[in-house]
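**Q** Below: one structure in C-alpha cells.
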Amino acid sequence: MDPECSRLLPALCAVLADPRQPVADDTCLEKLLDWFTTVTEAGSSLLLLQENPCLVELLFHVLKSQDLSSRILSFSLRLAGIFAAQENCFQYLQQGELLPTLFGEAGPLGGAAWTAPTVRSGWVQGLRTLARHPSALRFLAARGAVDTIFSLQGDSSLFVASAAGQLLVHILDLAMRGTAEGRCGPQACDWPACAQKVVCHIEDSLCSTATPQVTQALNVLTTVFGHCHGLWTQGLWVRLSPLVARLLEKDPVPASHSLVDLLLSVARSSVLSSDHGLWETLAQTLSHLSPTQAGPLALGILELQDCPQALRTQAFGLLLQPLACVLEAAAQAPGPPGLLEGAAGDSMTVDTLLSSRSACVGLLCCALAHLGLLQPLPQRPSPWPQVPLLGAVVTVLRLCSGSAAPTSDVGGRLCAILVGCGRVQRAALDFLGALSQGTSPQELVTQVFSILLEYLMSPESSSMVLKKAFQATLRWLLRSPKSPGCCDLDPHTQLFLRELLPVLQKRLCSPCWEVRDSGLEFLTQMTRHWGGQAGFRQALLASEVPELTMQLLRDPESYVRASAVTATGQLSSWGLRATPASPERPGAEQESLLGELLRILSTDSEGFPRRAAMQVFTEWLRDGHADVAEDPERFVAGVLQAASRDLDWEVRAQGLELALVFLEQLLGQRGSRCPYAVGLPETAPPGMPAQALQVLCRVQLFEFAFRALFDCDRPVARKSCDLLLFLRAKAAPCGSPQEAGDSPTAASAEAMLQRWQAGEQGQPLGYLEPGAVVAVLRSVDLEGLRDTLAESSDHVEKSPQSLLQDMLAAVGVLGENEADCY
Amino acid sequence: MGTIDSSILWALLFKGGFYGMRKREVGEKYCLSGHPTLPCNVLKFKSTTIMLDCGLDMTSTLNFLPLPLVQSPRLSNLPGWSLKDGNAFLDKELKECSGHVFVDSVPEFCLPETELIDLSTVDVILISNYHCMMALPYITEHTGFTGTVYATEPTVQIGRLLMEELVNFIERVPKAQSASLWKNKDIQRLLPSPLKDAVEVSTWRRCYTMQEVNSALSKIQLVGYSQKIELFGAVQVTPLSSGYALGSSNWIIQSHYEKVSYVSGSSLLTTHPQPMDQASLKNSDVLILTGLTQIPTANPDGMVGEFCSNLALTVRNGGNVLVPCYPSGVIYDLLECLYQYIDSAGLSSIPFYFISPVANSSLEFSQIFAEWLCHNKQTKVYLPEPPFPHAELIQTNKLKHYPSIHGDFSNDFRQPCVVFTGHPSLRFGDVVHFMELWGKSSLNTVIFTEPDFSYLEALAPYQPLAMKCIYCPIDTRLNFIQVSKLLKEVQPLHVVCPEQYTQPPPAQSHRMDLMIDCQPPAMSYRRAEVLALPFKRRYEKIEIMPELADSLVPMEIKPGVSLATVSAVLHTKDNKHVLQPPPRPAQPTGGKKRKRASDDIPDCKVLKPLLSGSIPVEQFVQTLEKHGFSDIKVEDTAKGHIVLLQEAETLIQIEEDSTHIICDNDEMLRVRLRDLVLKFLQKF
C-alpha cells in the first residue's frame, strides 16, 4: 500500500467508526471497497492487516458500537469478507473471534440492524467474498450460516434475495470442486455435507406447494447450470430432474417462467445436453405449458445448435400455432393446408386467442417476435414456411386494419379483438419486414405491398405504426429483384413507387412531427439505395417530394429539420433537386441548398440539424459533390468557420472529420487515416507541398484545429491532437523550425495558444504564414497532450490517496482543504 | 315535517296501504326520430312527459337541387325528368343531373314523428346540445306545446346561431316554385332511387321563420351544469357536462327511487368543451344512449392529420380548399389545429376565410363562454388571454370572416385560399357558390369534415366534378370502445339505445366491435316505436307529519329494526305523499248540511295485531306433544314444513310468510292449534 495512504488510513478508520461523523456517500464506500479488493489481490491481506492495525480495530469497533449507521455496518461486513478471502488471513481473523462475531448470531444477524436491507446485503456479500477456501466452507457449515442464507432467498429486498441465491450456487460450486475431479453420482452419500445440505434444501423447495419457494429453487438451479460446468452438475441433474419433471404434473405448472429458464440453461450446458431424458422433459414441458408460457421455451429450443429433430418440429409447431389459427379463422373457404398441418386450430391456442383481448394480443405479439428472431438464424427450421407465414402476417395486418372480412365465428371475434390494435400492428410489421429476406411468389409480394400501402395511407395508423410500415416497406423495396438484363427497377416496383410517392408526399405534410420524420428517414434510405436508378429518379422528380423536403428544412421541430437536412443532402448528392418554385407561390424563393444548409449550421438553435448539416458537408466533400467541387477551399473555409463557433461538441468534432477529408484530398492520401501511424519516422508519408500548406492556412484549418486542441470536450481535443500530429509529420520538410520559430508571427501565435490553453479563447489567431504554422506545430507538445488526453478525465481524482483525502475532508478532519475539486 | 325512516316505511308498505302503487307503470319511451344522432324521444316518467332533444333530420335536403347565391346557368339549365314512357308531367318539379334526379324546390326537412303522441301533453323538453334542438320551432310553435324547454346558455346561443344561419341561407334565395306532386305516393313509387325510397315525404316541411325561431327560443329556461330542476314535485332533472360541444349536456332524470340517465352526444376526447361528467351517471336504473359517433372507424386525430396534410398539399400546388362546415363546433378545433400547423407547413401567407351570416357571432361567442370550456382554456382567461387561438389568427389577418360572399369579401378575396363555409349538405349557403366556382379545376379540393351527410350524395348535383374530394369526417362523440368502458364504469342496470347500435353497420357486418356489447343486452328502439322502460317501481317516499310521528311507538323486533303501526290519512298532492293524523271521529251533526266529498272520513276499524317471527318446528312439535297430540310427522317442503297430525287428520303448513291449518271442520281444534302457533310469534 502507498505510504501516504497508510498514513491517512487510521484517521479514516476513526471517522468510519465514529457514529457522530457523517460518512460520505455510498459511492465513496464502494470505491474504498474496490481499492481494498485491488490491494488484497496484489498482496497479502494478512500483512496488510498487520501493517495497518487500525483496520482490525475498525472491525472490532463496529461489533461493539450500537449506534453505527447501517451503511458502515454493511461496509464492514464486506470489508471483512475481502480480507478473509485469503485463507491465512481468514484464520487470523478467526482466531480473534472476529469473523464468528461479525457473521454469527452475536453480530448484526441477531440485532436490530438486521432489519436494514443494506446490512443483510452486506452480510451476504461478505460471505460471498470470503467463501473461497475449504476453511470458509467449514465456517459456514458450523455457524448455521447456510440456514440463514436459505431464509434470505425469500427476503423482501430483491437484491438480498438474489444475492442469497447466488451465494448458495457459489457455496455448492466451492463444495463440489473439492471432491475428486468434481465427479459425483446422484447418491446422497457421494456429496460433501455442505453441498448435501444445499441440495436437500433445493429438493425440499422443488416439492413445496408454495410457488415462491419453487421459483427460488429453480432460479438457483438455473444459475448452477448456467455458470458451473463441472462434471458434478451431471449428477445433480440426474438427482433433481425427476423432481423438476414432477412440477409438470401440477395444474397450473408453478413458476413456469423459471422452469423454462432452467430447462434452457440445462439444455445449453455442454455437460448435460447429451442427456436423452432432458429432451423428453423439454418435450413434455412444451406440451404441458400454455401457449403463451411455452413460446420462450420453443424459441430457446430452436436456437440450440444440437437438438433432436422431433423436438425441434414440436417447438416450431408451437411457435406457428397462433398464426396457423389466424390463417384458419380468416380463411374464406377451406383451402390448401395452411401453415401447419395438424396444428392449425389447436384448441388450446384458439382458447387463449379468444379468452381476452390482452391474452390474444400477448400471444400474437410473442409469436411474431419469436418468429422474427428465429428468421435470420442459420439454425432456423428448414424448410422455412415462408409462403404461409407471409400469408398469416398479411392476414393479421388485415384483421388489425379491419379490412379482412372473415366469415367464421372465430375470425369475427379475432377481428373484433384485433382491429385497431397498435401493438400487434407493430409486431406484425416488424415480422413482415424480416420476411422480406426470403423468396416469395409475386402474387403474395403484391399482397404485401398492397397491405403496406394500406397502412401507409390509413389515417388510423399511429406514428409508431407508420414508422414500422415505412421500415418494412423499405426492406421489401430493397429486396426487389432487378429486371433481368437491366439495371433498373422491375415493373412491379415502379408501379408501387407511383402509388407510394403521393402517400409519402402527404405524410411529409402531416401535422404530427414523428410522421414527417419517419417519412424523411424513409426517403433518405430509399434515395441512398436507388438514387442512381432511372425509374426511381423519374418517379421522384415527377412528384413534389423533393420540394416538400426542401421546405421541411424550416420545420419547427428540430428532429424533422435534421432529417430534412440529411434527406436533401442525399437527394442533392444524386442530383435530385427540387423543381423551381412556381412564380405565383409567394415566399418560396429557391435558394441554393448549400446556402440553406450553411444557414442552418450557423443559425439553427438546435444541435441535431447542425450535426446533420456537418455530416452532409463531410459526405459532399468526400464524394465530390458538384456544389463543393466548384470551390472546395471556399466551402471548407466557410464550414469550418461556422463549426468553430458551435456550442455542440459533436459539430466541432465533425468539423475535424471534414478537415481530415479535406487534407486527404489535398494530399492525395486516401486510406492513411490512422493518425497513430504518423508519429513513426520510418512510416511517415512523403512531405506536404508548400502549396498545400498555404491552402490549409487560407482555409484557416490550423486556427480551427488549434482551437479544438484546447476544447473543453475531450473527444474534440483528442481528434484535433491526432489531426495536428498528422499535419506536423506531413509539414516537417516545409521549413527549418529554427527560422520559423524566431518569426514574430509564430511567437505571438504560441502566446495566443497558451492563452487558449488557459481558457481564454476569445481572440482569433489570425492569418498564419505556413512557416509560422510549422514552428507552432513543433513547439506544442502534441505527444504530451495526446497522452494526457488519453487518460480518463478523472484519472487524478480516481487515485486512492485522493479518495481517502476526500472522505476525510468531507468530515473536516484534514486541516486544510486538500480535496480535489470535482 | 318529519321523514319516515326506512324501518317504519317498511311497516307501512307491509301493511298494504300503498301496495297498489307498485303495480303502476312508471316509464315509457316514445321514439320520434329514426336518426340516432339527431334524437327526439319522449319519456313518460312518473307523471311527467319529458321530451329528450328535438333533432332535425336534414338529410332530406340531399334530394333537392342546390340553391345558388349567384345565378348558375348550369343548374338552371338542367333537363327536366320524365318517366320511362316519356311522360314529362314532373319535369317542372324534378331535374336530372348526371344520372341523379333532384327536386327543384325549396329544400324541406324531415320532422320528428308528430302522430305517435299528442305533443301538447309534453311537459318539458330537455336539450342536450345545439345540434339536437334544430326541430324546436316545429314542436313549440305547431303542436300546442305549452311547457318549458331547458338548455344551457351556450346551447341556446349557438343553437340560435345555427337556426339563424339556416333561415338566412334559405330565405335569401327565394324560390317561387314549390314541388308537391312528386310526393304523391303513387307517383313517388315511379321515381328513381333515392327519391323512391325517401320516407315520410308527406310530413316534410319547409324551414321555419326567424319569428318562429324567436318564439321557440323564448320558451327556453337556462340551466347550469349540476343544477337540480324539480318537475312537479315528482321528478328532478339535472344537466351534466357531456364533453362534446360548448354547453352540451347529458341529463339525469330521477325520482326518489328511480334514476334514468340520458346520454346524448358525449365525448371523452380532450377538445375545447368541459370534460364529460361520468361519475354522476352511476347507479342508473336505465341509461338511454344516443348520439354516438357516426364514423366509428375513423379516429378524430387521424382525420385531423388527413385534413391538414391534404389542405397543405392543395395549397402548395396553388389550389384552393373548401371546407363545408357548421359555424360552430369542430371548426374551433380545426382552426386551433391550423394555428399550430400553418407555420410548420409554410402556409403562413395563405388566407383563411370563414363565411357565414353568423361567423362573427360564433367566433366571439366561443371566447366568452369560459366557464363551459376545458380547464386549459379556462385558465387562459385568467391570464388574461382569449381561450381560443383563432383570436390571434384574426388579429394577424390570417383568418378573415364575412357574413356572405357579397360585400367586403369580394374585395379581399385572394387565391389560393382556404374557405370554411356552410352548409355541409352543399344544398344551400355560400358553399354552393364555391362548389360552382372551383368545381371545374383539379387543383382545388373540397374537404368534408362534418359527418352528418354522405359526401357522395352531397356532391351528386355537382357532377361531373374535377376538383378533388377528401372525406375526413371528424366526429368526437363516443365510439364503441369508449362506450364499453363507460358502461363498465357507470354500470347501469339497463341500457336503451337506437337499434342501429345493436348490430354491426350493414356495410361491415363482420365488425362485431362496432356495436354495443353489454349485459343484459341493450334494449333497442326505432322511429315511431314505444318502449316500456325496464325498471320496477318498488318504493315511494312518504313524509309523515311531526305530530303523527310523535304518536308512534316503535317496537324493536330485532337490533336496528323497529316497527310501529300507524293509522293515518294519506294525502297526495303534486306527486308528494304525506301522512297526516286521522281526523277526530266526526261529531254527529244535525241539520241539513250536505256531506261533501272532502269530509269523507275513512273508517277506523279495530286492527288485528301484527305478527312477526318464525316458528321453530322442533319446539313446535314438542309443544304439540305436550298438549296431547301424538303421531306427529314432519315433512320438509320447498318453502318450509308440513306438520301432519295423523290421528287428528290435520295438516299444519308452515311457510316463511304464512301458516295454514287445514282441518276438517273442527273449528275448536283449529283455534287450539292457532293459539299454539301464536305462542311462537311476537305481536304488536
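**Q** Yes or no: A:A612 touching a Ser or Thr at 6+ places or on another chain (Cβ under 9 Å), assigned to a helix (DSSP H, G or I) and without any contact (Cβ under 8 Å) to a residue 60 or more places away in the chain?
**A** yes
**Q** Any chance you could count how many residues in the stretch B:218-245 are in contact with a helix residue (DSSP H, G or I) (Cβ under 6 Å, 6 or more places away or on another chain) and among the hydrophobic types (A, V, I, L, M, F, W, C)?
**A** 3
**Q** Still on this structure, I have one more. Being among the hydroxyl-bearing types (S, T, Y) and at pLDDT 95 or above narrows it down to one residue among B:T143, B:T155; which is it?
**A** After ruling out the rest, the residue left standing is B:T155.
**Q** Is it the case that the stretch A:369-392 has a residue that's more than 14 Å from chain B (Cβ to nearest Cβ), within 29 Å of B:N299 (Cα to Cα) and open to solvent by less than 10 Å² (accessible area, probe 1.4 Å)?
**A** Checked against the condition, which is being more than 14 Å from chain B (Cβ to nearest Cβ), within 29 Å of B:N299 (Cα to Cα) and open to solvent by less than 10 Å² (accessible area, probe 1.4 Å), the stretch A:369-392 yields at least one hit.
**Q** I need the full set of residues from the stretch A:1-15 which are under 21 Å from A:L46 (Cβ atoms) and surrounded by 16 or more Cβ atoms within 10 Å (Cβ to Cβ), in order please.
**A** The answer is A:M1, A:C5, A:L9, A:L12, A:C13.
**Q** In the stretch A:589-601, is there at least one residue being surrounded by 16 or more Cβ atoms within 10 Å (Cβ to Cβ), within 14 Å of chain B (Cβ to nearest Cβ) and either at pLDDT 95 or above or part of a loop (DSSP other than H, G, I, E, B) (or both)?
**A** No, because not a single residue in the stretch A:589-601 is surrounded by 16 or more Cβ atoms within 10 Å (Cβ to Cβ), within 14 Å of chain B (Cβ to nearest Cβ) and either at pLDDT 95 or above or part of a loop (DSSP other than H, G, I, E, B) (or both).
**Q** Another question about this same structure. Among residues belonging to the stretch A:548-560 that are at the interface with another protein chain (Cβ under 10 Å from one of its Cβ atoms) and not hydrophobic (A, V, I, L, M, F, W, C), point out the one that is least open to solvent (accessible area, probe 1.4 Å).
**A** A:D555
Table: residues versus (1) more than 11 Å from chain A (Cβ to nearest Cβ); (2) under 23 Å from B:T476 (Cα atoms); (3) surrounded by fewer than 24 Cβ atoms within 10 Å (Cβ to Cβ); (4) hydrophobic (A, V, I, L, M, F, W, C).
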{"site": "B:G318", "(1), (2), (3), (4)": "no, no, yes, no"}
{"site": "B:V323", "(1), (2), (3), (4)": "yes, yes, no, yes"}
{"site": "B:S328", "(1), (2), (3), (4)": "yes, yes, no, no"}
{"site": "B:L335", "(1), (2), (3), (4)": "yes, yes, yes, yes"}
{"site": "B:G346", "(1), (2), (3), (4)": "no, no, yes, no"}
{"site": "B:F354", "(1), (2), (3), (4)": "yes, yes, no, yes"}
{"site": "B:P357", "(1), (2), (3), (4)": "yes, no, yes, no"}
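**Q** Show the residue pairs that are 6+ apart or on different chains and have beta-carbon atoms under 6 Å apart, the first residue being within the stretch A:277-302 and open to solvent by less than 10 Å² (accessible area, probe 1.4 Å), the second being part of a helix (DSSP H, G or I) and small (G, A, S).
**A** Filtered contacts from the stretch A:277-302: A:L286/A:A294; A:L289/A:S256; A:A298/A:A315; A:I301/A:A315; A:L302/A:A315.
**Q** Does the stretch B:464-499 hold any residues that are assigned to a loop (DSSP other than H, G, I, E, B) and closer than 22 Å to A:G420 by Cα, and which are they?
**A** Residues satisfying the conditions are B:C472, B:P473, B:I474, B:D475, B:T476, B:R477, B:L478, B:N479.
**Q** Specify which of the listed residues (A:S462, A:S436, A:S355, A:S450) is open to solvent by less than 10 Å² (accessible area, probe 1.4 Å) and hydroxyl-bearing (S, T, Y).
**A** A:S436
**Q** Tell me which helices (runs of 4 or more DSSP H) are completely within the stretch A:155-269 and hold 1 or more residues being buried (at least 22 other Cβ atoms within 10 Å of the Cβ) and modelled with pLDDT under 90, or say none if there are none.
**A** Filter on the stretch A:155-269 gives A:158-177, A:193-207, A:232-247.
**Q** Next question, about the same structure. Being crowded, with 20+ Cβ neighbours inside 10 Å, within 14 Å of chain B (Cβ to nearest Cβ), more than 25 Å from A:G655 (Cα to Cα) and at pLDDT 90 or above is the requirement here; does A:V545 meet it?
**A** Here the answer is yes, as A:V545 does meet what is asked.
**Q** Just to be sure I understand, how many residues within the stretch B:199-220 are open to solvent by 70 Å² or more (accessible area, probe 1.4 Å) and of a type in the set (V, I, T)?
**A** 1
**Q** Filter the stretch B:297-307 down to residues that are of a type in the set (D, E) and more than 7 Å from every other protein chain (Cβ to nearest Cβ), then give me how many there are.
**A** Here the count works out to 1.
**Q** Go through the stretch B:158-179 and report how many residues are in a loop (DSSP other than H, G, I, E, B) and not hydrophobic (A, V, I, L, M, F, W, C).
**A** 5
**Q** For a quick check of your reading of the model, give me the residue pairs whose first member lies in the stretch A:444-462 and is at the interface with chain B (Cβ under 10 Å from one of its Cβ atoms), whose second is open to solvent by 50 Å² or more (accessible area, probe 1.4 Å), with beta-carbon atoms closer than 8 Å and at least 6 apart or on different chains.
**A** If the second residue must be open to solvent by 50 Å² or more (accessible area, probe 1.4 Å), the pairs left are A:P459/B:N299; A:E460/A:G420; A:E460/B:T297; A:E460/B:N299.
**Q** Okay, moving on. Go over the candidates B:T140, B:T152, B:T114 one by one and state the one that is in contact (Cβ under 8 Å) with a residue 24 or more places away in the chain and touching a helix residue (DSSP H, G or I) at 6+ places or on another chain (Cβ under 6 Å).
**A** Just one listed residue meets the conditions, B:T140.
**Q** Which number in (1) within 14 Å of chain A (Cβ to nearest Cβ); (2) surrounded by fewer than 20 Cβ atoms within 10 Å (Cβ to Cβ) marks the one condition that B:P464 misses?
**A** Unmet for B:P464, out of (1) within 14 Å of chain A (Cβ to nearest Cβ); (2) surrounded by fewer than 20 Cβ atoms within 10 Å (Cβ to Cβ): (1).
**Q** Take B:N310 and tell me if it is within 14 Å of another protein chain (Cβ to nearest Cβ), on the phi < 0 side of the Ramachandran plot and surrounded by fewer than 18 Cβ atoms within 10 Å (Cβ to Cβ).
**A** So B:N310 does not fit the description; no.
**Q** Which ones in the stretch A:411-433 are open to solvent by 50 Å² or more (accessible area, probe 1.4 Å) and either without any contact (Cβ under 8 Å) to a residue 60 or more places away in the chain or within 12 Å of another protein chain (Cβ to nearest Cβ) (or both)?
**A** Selection gives A:R413, A:G420, A:R426.
**Q** From the list B:Y225, B:Y257, pick out the single residue that is open to solvent by 10 Å² or more (accessible area, probe 1.4 Å), in contact (Cβ under 8 Å) with a residue 40 or more places away in the chain and out of contact with any strand residue (DSSP E or B) (no Cβ under 8 Å at 6 or more places or on another chain).
**A** Testing whether each residue is open to solvent by 10 Å² or more (accessible area, probe 1.4 Å), in contact (Cβ under 8 Å) with a residue 40 or more places away in the chain and out of contact with any strand residue (DSSP E or B) (no Cβ under 8 Å at 6 or more places or on another chain) leaves just B:Y257.
**Q** Take the residues of the stretch A:523-541 that are open to solvent by 40 Å² or more (accessible area, probe 1.4 Å) and in contact (Cβ under 8 Å) with a residue 24 or more places away in the chain: which is nearest to the other protein chains (Cβ to nearest Cβ)?
**A** So, considering only residues that are open to solvent by 40 Å² or more (accessible area, probe 1.4 Å) and in contact (Cβ under 8 Å) with a residue 24 or more places away in the chain, the one nearest to the other protein chains (Cβ to nearest Cβ) is A:L541.
**Q** With (1) outside any loop (DSSP other than H, G, I, E, B); (2) crowded, with 20+ Cβ neighbours inside 10 Å as the list, and B:G243 as the residue in question, which single condition is left unmet?
**A** Result: B:G243 passes all but (1).
The values are calculated or read from the model by the stated rules, or taken from the named source; none is laboratory data. Small disclaimer: the values here were computed from a predicted structure and weren't measured. Don't worry about glycine lacking a Cβ; one is built from the backbone with ideal geometry, like all the others, and counts go over all protein chains shown. Keep in mind that these areas ignore ligands, DNA and RNA; they rest on the heavy atoms of the full protein, side chains included. Shrake-Rupley method; radii C 1.70, N 1.55, O 1.52, S 1.80 Å.
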